[in-house]
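> Quick one: the structure is below, and I'll ask about it shortly.
The values are calculated or read from the model by the stated rules, or taken from the named source; none is laboratory data. It should be emphasised that the depicted structure is a prediction, and the values quoted were computed from it without experimental measurement. Methodologically, a virtual Cβ is constructed for each residue, glycine included, from the backbone with ideal geometry; neighbour enumeration extends over all protein chains shown. To get the accessible areas, we keep the full protein, side chains included, count just its heavy atoms, and leave off ligands, DNA and RNA. Shrake-Rupley method; radii C 1.70, N 1.55, O 1.52, S 1.80 Å.
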Amino acid sequence: MKKHTIHLKNNITYTCDENTSLLKAALDNDISLEYSCFEARCRSCKVKVLEGKVENLQEEKVLTAEEKVAGYVLSCNVVPRSDIRLDIEDLGVKLPASQVSPCKISNITHINGNIVEVVLRLPPKVDFQFLAGQYVDIIRNGHKRSYSISHSQYESNQLKLFIRNYEGGLFSNYWFNEAKPNDLLRVEGPLGTFFYRHNEVCTDIVLLATGTGIAPIKAILEQLQASPELLVNKKVWLLWGGRKKEDLFWKPDFTFAHFEYIPVLTREDDWQGAKGYVQEIASAQAISWPTAQVYACGSEAMIQSAQELLTKQGLKGENFFADAFVAGK
Ligand code: FES
């Protein structure tokens, strides 16, 4: 199989054969590049090709015509046809190795009609390390669905997930009507690069979530709570949005000094709090956007709108980190 050399901006190189995506080869070589869905849908692996020829693995439907003309591709969806030079540096962190493990449902709690919390138990010999904010794929009957881990540390061989009921969703009927303790499943992970990036000069850490997008945000908050040295001279903002009160199904009772929680609802009449979209409410706060970092998890619409709106306010593009729910993810 013909192999090509891939060059990153910070002089890191790796080899990639003509059947393997640039992203997969990087991860196989322990080189961390930004990614989430792995399915050419979320855009998080978007990268500019400076030199060389690539081909799409599947028809690419998410980049704009302007982005394509400018040389952008999705690294999860392109294979090399020559040596390649990419306009990107690696993330400079070693991602925990992804693995597939059997697991059993330890506990399943119906938080309300639309949300369950599932606790999975992995075999004692499995060491499932992850970074707060990463996700896993659950594999059942040959199908996969992705869920963010809702806590920051692997303890007691357990993984906890918040799962929303999607009408007609492939796994929803299972989680909400059939799943029971001791059911055997498989889990693959950890996956994705949604995790906290410590930045000394950052003054405001802004966490935006809609619905069960709170799961990885909760994990990051737990990490920050456990590591106060990360928060020197920083204020942490959490804006969590839903339609109705029951969509905000968890209470963020963190105690660190500079923490502000703003619950936001769109369709609740009996509500004195913030109304509207999280990104709009965030943009009206006393946040120093040029020195802020934003971590956003939730609907694609929220993420796209937040990125546009907040970069207009002065947020630097490289300080916006997102994990979008894409259909089927
Ligand atoms: S589009 Fe490539 S990882 Fe989501």
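> If the cut-off is a Cα-Cα distance under 20 Å, which lysines reach Lys235, setting aside same-chain residues fewer than 8 apart in sequence?
Within the straight-line limit of under 20 Å, Lys235 reaches these lysines: Lys218, Lys251, Lys316.
> Who wins for biggest fluctuation among Cys42, Cys76, Cys202 in a Gaussian network model of the chain, springs between alpha carbons below 10 Å?
Answer for the Gaussian network model of the chain: Cys202.
> Out of Ser146, Ser32, Ser283, any idea which swings most in a Gaussian network model of the chain, alpha carbons joined below 10 Å?
Ser283
> For region 224-329, run through the chymotrypsin sites (Phe, Trp or Tyr not before Pro) and keep only the ones in DSSP coil with at most 16 other Cβ atoms within 10 Å of their Cβ.
Answer by residue number: Trp250, Phe254, Phe256, Trp271.
> Next question. Return the single residue from Glu89, Glu300, Glu318 with maximal mean-square fluctuation; model: Gaussian network over the chain, springs between Cα atoms under 10 Å.
For the chain, modelled as a Gaussian network with Cα springs under 10 Å, the answer is Glu318.
> Which loop trypsin sites (Lys or Arg not before Pro) in region 87-146, with loop taken from DSSP, have no more than 16 other Cβ atoms within 10 angstrom of their Cβ?
Here the trypsin sites (Lys or Arg not before Pro) that fit, given the DSSP loop and packing criteria, are Lys94, Lys125.
> Using DSSP to call loops (not H, G, I, E or B), can you name the trypsin sites (Lys or Arg not before Pro) in region 8-78 whose Cβ has at most 14 other Cβ atoms within 10 angstrom?
Qualifying residues, ordered by number: Lys9, Lys53, Lys61.
> With every protein chain kept in place and ligands, DNA and RNA left out, what is the accessible area per residue of the chain? Probe 1.4 Å, answer in Å².
Accessible area per residue: 48 Å².
> Let me ask you something else. Return the carbon/sulfur percentage of the accessible area of region 3-86, one whole number, probe 1.4 Å, all protein chains in place.
43
> If you don't mind, there's one more thing I want to ask. First compute the accessible area of region 204-325 with a 1.4 Å probe, then give the percent of it belonging to carbon and sulfur atoms.
Summing carbon and sulfur atoms, their accessible area is 49 percent of the total for region 204-325.
> Please report the net charge: other residues with Cβ closer than 13 Å to the Cβ of Val93, K and R +1, D and E -1.
-2
> Straight distance only, please: which lysines reach the Cα of Lys125 with their own Cα at less than 18 Å, same-chain residues fewer than 8 apart left out?
Straight-line reach from Lys125, under 18 Å: Lys104.
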